[in-house]
Amino acid sequence: MALHNRFEIKDPSLAGVGKQRIEWAYREMPVVKLIRERFSAEKPLKGIRISACLHITTETANLALTLKEAGADLILCASNPLSTQDDVAAALVDDGIPTNAINGEDETTYYKHINTALDNKPQLTVDDGADLVTTLHTKRSDLIGNVIGGTEETTTGVVRLRSLEKAGKLRYPIIAVNDAQTKYLFDNRYGTGQSTIDGITRATNILWAGKKVVICGYGWCGHGIALRAKGLGSQVIVTEVEPVRALEAIMDGYQVMPLLEAARVGDIFVTTTGNKNVIDKVHFQAMKDGAILANSGHFNVEINIPALESLSHSKRRIRAFVDEYTLDDGRHLYLLGEGRLVNLAAAEGHPASVMDMSFANQALCLEYLTKSRGSLGSRVYPVPEEIDKQVARLKLQAMGIDIDSLTPEQREYLTSWEKGT
Ligand SMILES: NC(=O)c1ccc[n+]([C@@H]2O[C@H](COP(=O)([O-])OP(=O)(O)OC[C@H]3O[C@@H](n4cnc5c(N)ncnc54)[C@H](O)[C@@H]3O)[C@@H](O)[C@H]2O)c1
């Protein structure tokens, strides 16, 4: 099919800017670079049709160019209508990769673009949130016979796919890239950690030193945000519902208390739970005048915005990404990025260096699925351990860092049940 029938973007003239930004990100993606060099020589995906639904960003562009170099027939669509970088979409089309993504597209266009990507009759799917896979399993199930396998990038997508598997309705093998150690330990922790602080800083220009920062949810994202806020001199308070994680937060040096208590003292609140209405009406009622509210967890549901609206008599956009709510009692609360992921709304999402590892997993898993054709069942699989370890080794190699290896004696000691003290 000709390229011109298969793409829809905002403005082709943005390609030059997009290419420069893609090149800039590539400098920080040495593992993807090493994989691209090998793929270029070996062409492990030669002629394989891939439909990929991902955030259309500079890092994704570098993954896409790597898959193209591997010989794949790749088509892209956006996994989120708001995260598309229109210059990147233009650059990809200019490089011969059909891309269907326009920043701010409505839901009809979003699904039209997913359907255009599926028109490629994929043999492999790449998804971030499982919208493409769900469409394939429902409205386009006639195409499933072609599919060898797929990959899923994020927590929410993996949760949906596990439900599909549990219902006995998953029709091909999918690898949960999100669950690789080289993904969540770095992407969720250091990526979300840094970029959340970045988003809040860009939106507000606040000084972190001396502020009381309340972090709701001490998962990997919460760990990262807490660590970086502490490093900037904030006093960090963690709220949790899970006792082990609460204990861990205490021993990591943070205060832990119920949110209602924290609400009375916090200056900045950040949700990162994957849950809904975590900050609710009772909490808004207890907050200090001037409190700042941000979400870096799931969608726009962690902060109960309708409840905030119901308590307010007016709202104004006081600064880009900052909405000032004036409550009936005269207090002001400041909601950042309309309660959507603040690191993507007000900053640039994860730095390329962490996406390097996430997307290295993607590329290697797609190669693995192709090689394993026919031998995997219709299940959600973990990333093979050898791929996870290989990504870590390549990242260390790119950083110029050597580590020790076990001696034969140590290997035997660690694997033998006969050796005691
Ligand atoms: N902003 C980003 O770019 C980005 C990146 C990666 C993940 N995420 C999202 O962030 C969320 C968290 O990811 P994670 O990897 O840290 O998940 P996780 O499951 O490791 O951690 C979530 C934590 O929140 C806690 N929690 C749940 N409900 C709570 C409540 N009402 N109050 C307090 N704590 C509560 C859980 O006990 C858990 O410890 C997910 O929705 C994930 O999809 C966002």
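Structure notes:
- For residue 14, the shell of other residues with beta-carbons less than 9 Å away shows a net charge of -2, using +1 for Lys and Arg and -1 for Asp and Glu.
- When the GluC sites (Glu not before Pro) in region 320-421 are filtered for DSSP coil states and for at most 16 other beta-carbon atoms within 10 Å of their beta-carbon, the remaining sites are 418.
- The Rg/Rh ratio for region 1-130 is 0.94, where Rg is the radius of gyration of the alpha carbons and Rh is the Kirkwood radius.
- 19 Å Cα-Cα threshold exceeded, pairs from 46/389; 33/68; 10/33; 33/183; 211/288; 212/315: 46/389; 10/33; 212/315
- Label-to-label distance for residue 406 and residue 209 is 4.8 nm, based on points extended 7 Å past Cα in the beta-carbon direction.
- Diffusion coefficient (Stokes-Einstein, Kirkwood radius over C-alpha pairs, 25 °C, 0.890 mPa s) for region 283-358: 184 µm²/s, rounded to a whole number.
- In Å, descending, principal axis extents of the Cα set of region 64-201: 48, 38, 32
- Each Lys and Arg adds +1 at its Cβ and each Asp and Glu adds -1 at its Cβ; summed about the Cα centre, region 107-253 shows a dipole of about 160 debye.
- Region 225-286: relative contact order in percent, alpha carbon pairs under 8 Å with at least 6 residues between: 25 percent
- Here, region 284-421 is characterised by an Rg to Rh ratio of 1.24, where Rg is the alpha-carbon radius of gyration and Rh the Kirkwood radius.
- Contact order relative to length of the chain, as percent, for alpha carbon pairs under 8 angstrom and 6 or more apart: 16 percent
- Length-normalised contact order for region 1-95 - Cα pairs under 8 Å, 6+ apart - percent: 43 percent
- Antiparallel beta bridges, as assigned by DSSP with both residues in the chain, represent about 20 percent of the total such bridges.
- Accessible area of the chain divided out per residue, in Å², using a probe of 1.4 angstrom: 46 Å²
- Working note: Cα gyration tensor of region 148-302, eigenvalues times five, square-rooted, sorted largest first, giving semi-axes of 31, 17, 14 Å.
- Sulfur and carbon atoms: percent of accessible area, the chain [1.4 Å]: 52 percent
- The order of the peptides 242-251, 65-74 by mean Cβ neighbours within 10 Å, most packed first, is 65-74, 242-251.
- Altogether, the Stokes-Einstein calculation at 37 °C and 0.692 mPa s, with the Kirkwood radius of the chain over Cα pairs as Rh, returns a diffusion coefficient of 144 µm²/s.
- Counting only Cα atoms, the size of region 54-93 along its three principal axes is 30, 16, 15 Å, in decreasing order.
- Measuring r between the beta carbons of residue 138 and residue 372 and using R0 = 30 Å, the FRET efficiency lands at 0.70.
- Largest-first ordering by accessible area, 1.4 Å probe, given options 212, 121: 121, 212
- Tensor-based shape of region 347-421 (alpha-carbon gyration tensor, a/c under 1.5 rounded, otherwise prolate or oblate): oblate
- Taking label points 7 Å from Cα along the Cα-to-Cβ direction, residue 250 and residue 165 give a separation of 3.5 nm.
- Residue of 138, 239, 109 that the Gaussian network model of the chain assigns the largest fluctuation, springs spanning Cα pairs under 10 Å: 138
The values are calculated or read from the model by the stated rules, or taken from the named source; none is laboratory data. Since we're looking at a predicted model, the values are computed, not measured. Glycine gets a Cβ as well: all are built from the backbone with ideal geometry, and neighbour counts include every protein chain shown. Please note that ligands, DNA and RNA were not included when accessible areas were found on the heavy atoms of the full protein model with its side chains. Shrake-Rupley method; radii C 1.70, N 1.55, O 1.52, S 1.80 Å.
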